[in-house]
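Reading through the structure tokens given below for one structure.
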Amino acid sequence: MRISSLTKTALSISVAPFFLISCIGSGSNMASAGFSPVVAEPLPASASSTANGAIFQQASGYAALTSGMRASRKGDIITILLVENTQAAKSNSASKDRNGGFSLTPPTTGLFSLFNPSDVATSGSQNFNGTGNAAQSNSLQGQVSVTVVESYANGTMLVRGQKLTSLNRGDEHTQFSGLVRAIDVSSDNTIPSTKVANARIIYGGTGEIASASKQGWLQKFFSFISPF
């Protein structure tokens, strides 16, 4: 059975919207492989219950009494308390004023007596006023648990993790990475984000609510070419 070229074109046009919808749906997953969790390395095969003592328990993971169960090894979990608050403000003003004048009184007799004093008087003024103000404020509150990726000899740790939340009207994702000091980790394995060096915080979302707050592609086009 031979299908005509017109029928093939109609089929491709009818299938295109469904293909586009499937592509959009597949991109809603905001998980990133770069923020995938890191698990702890398994114990060596030589470890046995005979190596355990009253205090040292190799099978369950040994922790010194001075440090407790604070996260310090690769694969341990730390909870980041997001307490980001930034504010910025800037204002400037400028003012300029300039006045000048020139006048000449003609003689009352002679050839130049025909001119009036107003005919040979001139003056000018110039002024400028400009003001500018800018302000920006950002706030992020919440919690995200991350895993220890690397533990360094100077007492710092590289942590990384993400949290994905699927709601009925869209998805939200929070990704975090940075360097923390082991001494800053509290006894319940939490640390505020303000004490994280080289912190990278990514927060975003997809879905109907996120799409409604953005300009459409045609509005973006006219905003790009508009000279005003």
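Of the strands (runs of 3 or more DSSP E) lying entirely inside segment 132-203, those carrying at least 2 residues that are of a type in the set (Val, Ile, Thr) and crowded, with 19+ Cβ neighbours inside 10 Å are 170-181. Yes or no: segment 102-125 includes at least one residue that is surrounded by 10 or more Cβ atoms within 10 Å (Cβ to Cβ) and modelled with pLDDT of 80 or more. No: zero hits.
The values are calculated or read from the model by the stated rules, or taken from the named source; none is laboratory data. In this text the structure is predicted, and so the values were computed from the model without any measurement. Cβ: placed from backbone, ideal geometry, glycine included. Neighbour counts: every protein chain shown.
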